[in-house]
Amino acid sequence: MNKVEKKLKSCPFCGFEGFLDKPDYYDGLYHVICRRCGARTSSSQNKNHVINNWNRRIGEEEIQTQKRPSIQKKNTYNTRKF
């Protein structure tokens, strides 16, 4: 049974379509490339990993629900005791 391939979202930079590429000269590594502006993902042997990276967008629910460590700014000025 063939697995259904995930649909690629449009390019996050120009809005055009991307395509999954697996050239021989990259030793079988997958990557997604935009057909218009040439934006591309990093290469990986895992096709689903590359597709997920291409489809990930900042501001989507998946990213918003991740807990981020709180940053507390420490006052480093005038801390010397005389």
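The values are calculated or read from the model by the stated rules, or taken from the named source; none is laboratory data. Quick caveat, the model's predicted, so the values are computed rather than measured. Here the Cβ is made from the backbone with ideal geometry for all residues, glycine too, and neighbour counts use every protein chain on show.
Within the range 35-52, the set of residues being within 17 Å of Phe13 (Cβ to Cβ), within 14 Å of the chain's Cα centre (by Cα) and surrounded by fewer than 14 Cβ atoms within 10 Å (Cβ to Cβ) comprises just one member, Ser42. A Cβ distance below 9 Å, combined with a sequence gap of six or more or placement on separate chains, defines the contacts here; from the range 29-49, residues that are part of a loop (DSSP other than H, G, I, E, B) reach residues that are among the small types (Gly, Ala, Ser) in the pairs Leu29/Ser43; Leu29/Ser44; Arg35/Gly18; Arg36/Gly15; Ala39/Gly18; Thr41/Gly18; Gln45/Gly28. Selection of the range 1-21 for residues being modelled with pLDDT of 70 or more and over 16 Å from Asn52 (Cα atoms) yields Phe13, Cys14, Gly15, Phe16. Listed conditions (1) modelled with pLDDT under 60; (2) more than 18 Å from the chain's Cα centre (by Cα) are all met by Lys81, apart from (1).
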